[in-house]
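One structure below.
The values are calculated or read from the model by the stated rules, or taken from the named source; none is laboratory data. Predicted model, so just to flag it, every value in this text is computed and none were measured. When we count neighbours, we look across all protein chains shown, and the Cβ atoms used for this are built from the backbone with ideal geometry, even at glycine. Note: areas computed on protein heavy atoms with side chains; ligands, DNA, RNA excluded. Shrake-Rupley method; radii C 1.70, N 1.55, O 1.52, S 1.80 Å.
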Amino acid sequence: MEDTRTLRFFNRGPSAVARLVFFSVLSLALLFVDAKYNYLESARQVIAVIIYPLQRLTAIPGEVWNGAGEYITLQRHLVAENEQLHLQHDADAALLNQMQSLQAENAQLRELLDVTRRADYTMQMAQIAYVERDIFKRKLFIDKGENTNVKAGQAVVDNGGVVGQVTRVYPLLSEVTLVTDKDIAVPIQVVRNGIRAVVFGSGNISELELRYQPVNADIEVGDVLVTSGMDGTYPPALPVAQVIKVERDPAYPFARIVCAPLAGVDRHRTLLIVSSVPPLPEPPAAEVEVDDAKRMKKIVKRSKP
Amino acid sequence: MRQDLVRDREFLLPATTTFIVLSFFIAVLLEWMPWRGWMLALRPDFVGLVLLYWCTHKPHRVGIGIAWVLGIFVDVADASLFGQHALAYSVLAFGGLVLNRRVQMFNLREQSVHVFALLLTSYSVYAIVHWQVRGFVAWEYFLGVVTSSLLWIPLTHLLQALRRPRRDPNEL
């Protein structure tokens, strides 16, 4: 039989189409595994450590720019700023005294009522290493990782309120997903009247959504939302957002409530990681509920005829 | 005719491996700069552009394999899903390899149109994967295609100028 293969003068390995198919299948397999399971986290961590110095390198121009700006600040500005800080400090000190006495009073009252005390939590300071470069996601990286015992799931706050949550921990870095990310939900409470709800990120850097509130819900523009602490992730009473728009259209079952985050989600360089939030008491086993449900059904059945 | 010869010579300029690696290195660094807000939406895809440049100019040196490895690194740095950038860059490199003969026949302005189409495909692959996994697409993401293809002409000029050998001072 005649050899019908095409004559090839140069050996260049497999054709471009074959390569494309091979690498596409490889990528799709990786995508599938990464989206469904967590097998690839260690590989990710190894590569993250390799490229860490490069990423710090790219942040240098910005840091130098900021540093130069600070260096050139006039003394006049510094004096003015110092004076303002002193005033602020005096005002804060007065408030702090008041708060200490209130706290003592609160503790005493709680003891009288036999309610468990509000537990304290510790904070760990971290600097933003760099912000996410992907337009689809609202994430940033901070310079504390496994080396300082950061754990995935811890809340991240700044002086204004909740910034987000640690979602992935690398040896030297951690990834923080901002509250404005589409995948994040924070259980909150309205300060004015104590309504509990859940606020969702909208994917837009300056907006949050308060979903599933009935049209007649008592929520007004200007209401401040704080964490309720019901999930065991966020400590209670941290400010999250302020309502900026309420649309009540009776044609829809729920009101459309838009909030603005109170934390400087894209302003600061220094953030605080909330660690050691006390664990919530174990929820009762789920089986009991099932039993209850069965019993209820039986009762219903019995009462039917 | 003369112009054609000049253009052919431009395409056959030598490129050392160090130069190729360095160009990718700088492209990755540019991509990792702290871009924000609208700048992030308008940020050109530097890695994709440099990759396309080498795929059209040196198709035997830079191919789909290198594109895939670059994509994996970008995936880790961007905390996107493993393989998301890798897939998009593989498709881009394939487009560059297939069109490399064809692209050489056009001048730079006409090349940008080809680059626009190729980048649009690659961006769409990325967006489709994101849409399948997360369920939404940010449309302003596609602005990057426009800025990237506008950057094609200056980038090609720059890389060609760097690859051209230094003129010998003793020559005539």
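Does B:Arg109 fit the bill of being farther than 23 Å from A:Val17 by Cα, basic (Lys, Arg), part of a loop (DSSP other than H, G, I, E, B) and at pLDDT below 90? It is false that B:Arg109 is farther than 23 Å from A:Val17 by Cα, basic (Lys, Arg), part of a loop (DSSP other than H, G, I, E, B) and at pLDDT below 90.
Considering only residues in region B:122-135 that are of a type outside the set (A, V, I, L, M, F, W, C) and farther than 11 Å from B:Leu52 by Cβ, the one that is nearest to the chain's Cα centre (by Cα) turns out to be B:Tyr123.
Mind checking whether some residue in region A:189-201 is at pLDDT below 85 and of a type in the set (Gly, Ala, Ser)? Within region A:189-201 (the criterion being at pLDDT below 85 and of a type in the set (Gly, Ala, Ser)), the answer is no, since none of the residues qualifies.
Please specify each residue of region B:15-45 satisfying the condition of being in contact (Cβ under 8 Å) with a residue 60 or more places away in the chain and within 17 Å of the chain's Cα centre (by Cα). Passing the criteria: B:Ala15, B:Phe19, B:Ser23, B:Leu42, B:Arg43, B:Pro44, B:Asp45.
Taken together, the residues in region B:20-67 that are farther than 21 Å from A:Lys139 by Cα and either open to solvent by 40 Å² or more (accessible area, probe 1.4 Å) or not in a helix (DSSP H, G or I) (or both) amount to 11. For A:Asn11, the criteria (1) more than 8 Å from chain B (Cβ to nearest Cβ); (2) surrounded by 10 or more Cβ atoms within 10 Å (Cβ to Cβ); (3) at pLDDT below 85 hold in every case but one, which is (2).
Scanning region B:68-87 for residues that are more than 12 Å from A:Leu31 (Cα to Cα) and more than 8 Å from chain A (Cβ to nearest Cβ) yields a count of 3.
Against the conditions (1) touching an Asp or Glu at 6+ places or on another chain (Cβ under 9 Å); (2) within 14 Å of chain B (Cβ to nearest Cβ), A:Asn66 satisfies every one except (1). Which residue, of A:Val186, A:Val163, A:Val221, A:Val179, is more than 14 Å from chain B (Cβ to nearest Cβ), in contact with a His (Cβ under 9 Å, 6 or more places away or on another chain) and modelled with pLDDT of 85 or more? One residue alone meets the criteria, A:Val163. The residues of region B:68-99 that are open to solvent by 20 Å² or more (accessible area, probe 1.4 Å) and more than 28 Å from A:Tyr52 (Cα to Cα), listed by number, are B:Phe94, B:Leu97, B:Val98, B:Leu99. Would you confirm, using the coordinates I've provided, whether A:Pro253 is in contact (Cβ under 8 Å) with a residue 24 or more places away in the chain and open to solvent by 70 Å² or more (accessible area, probe 1.4 Å)? The answer is yes for A:Pro253. For A:Gln242, the conditions (1) at pLDDT 90 or above; (2) over 13 Å from the mean Cα position of the chain (by Cα); (3) buried (at least 20 other Cβ atoms within 10 Å of the Cβ) are fulfilled apart from (3). Taking the criterion of being touching a Phe, Trp or Tyr at 6+ places or on another chain (Cβ under 8 Å), assigned to a helix (DSSP H, G or I) and free of Cβ contacts under 8 Å to residues at least 60 places away in the same chain, the residues of region B:127-144 that qualify are B:Ala127, B:His130, B:Arg134, B:Phe142. Of all residues in region B:82-106, those satisfying the criterion of being outside any helix (DSSP H, G or I) and of a type outside the set (A, V, I, L, M) are B:Phe82, B:Gly83, B:Phe106.
The single condition among (1) surrounded by fewer than 11 Cβ atoms within 10 Å (Cβ to Cβ); (2) within 28 Å of the chain's Cα centre (by Cα); (3) not aromatic (Phe, Trp, Tyr) that A:Ile47 does not meet is (1). For region B:43-67, the candidate set comprises residues that are closer than 21 Å to B:Phe116 by Cα and of a type in the set (Lys, Arg); within that set, the residue that is farthest from the other protein chains (Cβ to nearest Cβ) is B:Lys58.
Pairing residues of region A:47-60 that are more than 7 Å from chain B (Cβ to nearest Cβ) and closer than 14 Å to B:Ile72 by Cα with residues that are part of a helix (DSSP H, G or I) and among the β-branched types (Val, Ile, Thr), at Cβ distances under 9 Å and at least 6 apart in sequence or on separate chains, gives A:Ile50/B:Val76.
Does region B:134-147 contain any residue that is surrounded by fewer than 20 Cβ atoms within 10 Å (Cβ to Cβ), among the β-branched types (Val, Ile, Thr) and at the interface with chain A (Cβ under 9 Å from one of its Cβ atoms)? Yes: one or more hits.
Going by the conditions given, is B:Arg102 within 30 Å of A:Val25 (Cβ to Cβ), open to solvent by 50 Å² or more (accessible area, probe 1.4 Å), within 12 Å of chain A (Cβ to nearest Cβ) and charged (D, E, K, R)? Criteria not met by B:Arg102. Just one of the numbered conditions (1) exposed (fewer than 10 other Cβ atoms within 10 Å of the Cβ); (2) within 11 Å of chain B (Cβ to nearest Cβ) is not true of A:Ile72: (2).
Anything in region A:205-218 that is farther than 11 Å from A:Val258 by Cα and of a type in the set (A, V, I, L, M, F, W, C)? List them, or say none. Scanning region A:205-218 gives A:Ile205, A:Val215, A:Ala217.
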